[in-house]
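The values are calculated or read from the model by the stated rules, or taken from the named source; none is laboratory data. Computed from a prediction, not measured in an experiment: that's the story for all the values here. When we count neighbours, we look across all protein chains shown, and the Cβ atoms used for this are built from the backbone with ideal geometry, even at glycine. Remember, those area values only see protein heavy atoms, side chains included, never the ligands or the DNA or RNA. Shrake-Rupley method; radii C 1.70, N 1.55, O 1.52, S 1.80 Å.
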Amino acid sequence: MTDLPPRCAGVLLRGCGSATPARSISNDELGDRVETSDTWIRSRTGIAARRIVGREESLTALSAKAAEAALQMAGWSADSLDLILLATSTPDDLFGSAPRLQARIGAVRAAAFDVTAACSGFLFAVITAAQYLRCGAMQRILVVGADQLSRWVDWDDRRSCVLFGDAAGALVLEASIDGQDDLGGFLLRSDGSRGDVLQLPHHRDHLPLVGSASHQKGGFESIQMNGQEVYKFAVREVPAILDALLQKTGASAEQLDWLLLHQANQRILDAVAERFSIPQSKVLSNLASYGNTSAATIPLMLDEAVRDGRIQAGHRIASSGFGAGLSWGAALLRWSGPA
Ligand code: UT7
């Protein structure tokens, strides 16, 4: 299972971890804020609750907790990392939160930077990490997918606020020169022409600077989403890209042990599984407990399934991320686990 060109290193998935805020908010509790119901939310999305970052918590702290769990699983010390990629659209600092994460976990040798691709961010970051490993430039990389969308949700918009939650998930990857490879293939796509169906726009005020020059100042608004258009995009593009990936890698849907999709809506997971005749038992879902945690959904779900023993060494996983941008992608993975 590899599309590894000669003289390129393989990529091994060695450890994973995750962290979620302490406070869980049920659908019924949200019903105290907006006109909605547990029945509506569950039947339209599969979501029963979501975790929200509280006063004593932060995105960086959650990311560090997830990262430390992944390092512990792999049996690595933080100072053995060469690079940290933090996939997030909601950093604690707009200049990037990855360096704070690097300092917090003591990864003194690692360079660190943020990757922004909304809900596709984790998958995009894993593929980015893989290139550094493949070319031999680096040996060990930590990829964290973390988002705190609760900062940017309009909590009075029932059409979107019921969907989102906060979390962090981590994966540590290692270069391998013995022919093993856990990345069977990947495809990444973007289409900015459709970006307005899911956006977090920045509004601009023009303020006088000097003479006739002005400068722009402003702030970000709340998440704006056309739910039906995003839904249609997902059920059209996710099966298409998975189909293209299977063709590219020569794998068949029957050979997959798990389908690990961005956790946006249970109906989207069901529609994709049906398209490939993949039984529900192979479709990983934890939407009910956490909702859509953006860049965190895939590593959060991966960590849960590895730790409870569903995903075992050697299992093949088809993963797809999709969301704002618009951006979407898919990867054929294998879980190796600790050496
Ligand atoms: O990472 C990607 C992030 N985004 C997504 O994944 C979004 C994808 N889209 C979706 O998941 C679905 O489109 C939603 C769950 C957002 C909405 O489900 P829907 O089946 O497309 O509902 P709808 O927008 O067509 O609305 C149906 C009705 C409307 O009422 P009327 O106009 O028929 O009277 C809405 O006002 O449901 C109403 N509605 C609600 N009712 C109770 C919308 N949100 C709610 C709510 N509670 N929270």
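How big is the dipole moment of the range 1-143 about its Cα centre under a simple scheme where the beta carbon of each Lys and Arg is +1, that of each Asp and Glu is -1, and everything else is neutral? Debye, nearest 20, please.
Numbers: 15 positive and 14 negative charges, 83 e Å.
Result for the range 1-143 is approximately 400 debye, rounded to the nearest 20.
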Legend entry - Surface accessible to a 1.4 Å probe, D166 within the full protein complex, Å²: 0 Å²
Inset, instruction - First compute the accessible area of the chain with a 1.4 Å probe, then give the percent of it belonging to carbon and sulfur atoms. - result: 49 percent
Legend entry - With all protein chains modelled, accessible area of S289 [1.4 Å, Å²]: 60 Å²
Legend entry - Estimated dipole of the range 8-92 in Debye, rounded to 20 [Cβ of Lys and Arg +1, of Asp and Glu -1, Cα centre]: 220 debye
Inset, instruction - Using Cα centres only, tell me the gap between the range 131-146 and the range 29-55 in whole Å. - result: 37 Å
Legend entry - Accessible area of W155 in the full protein assembly, 1.4 Å probe (Å², nearest 10): 50 Å²
Inset, instruction - For the range 68-139, just say rounded, prolate or oblate: build the C-alpha gyration tensor, square-root its eigenvalues into a ≥ b ≥ c, call rounded for a/c under 1.5, and beyond that prolate if a/b exceeds b/c, oblate if not. - result: oblate
Legend entry - Debye log10 I(q)/I(0) at q = 0.12 Å⁻¹ for the chain, Cα point scatterers: -0.80
Inset, instruction - Mean Kyte-Doolittle of at least -1.0 plus a Cα span of 27 Å or more along the axis: flag which DSSP H helices in the chain meet both, please. - result: 227-249
Legend entry - Kirkwood Rh, Cα atoms: Rg over Rh of the range 105-243: 1.06
Legend entry - Accessible area per residue in Å² at 1.4 Å probe, computed on the range 10-176: 39 Å²
Inset, instruction - Go ahead and estimate [θ] at 222 nm for the chain from helices alone: -39,500 (n - 2.57) per DSSP H run with n ≥ 4, summed, over the residue count, rounded to 500. - result: -9000 deg cm²/dmol
Inset, instruction - State to the nearest 20 debye the size of the charge dipole of the chain about its Cα centre, where the only charges are +1 on K and R beta carbons and -1 on D and E beta carbons. - result: 340 debye
Inset, instruction - State the Cα centre-to-centre distance between the range 297-321 and the range 256-285 in whole Å. - result: 13 Å
Legend entry - Phi to ³J(HN,Hα) by Karplus 6.51 cos²θ - 1.76 cosθ + 1.60 over the range 210-220, Hz, x for Gly, Pro: 9, x, 8, 7, 10, 10, 9, 9, x, x, 7
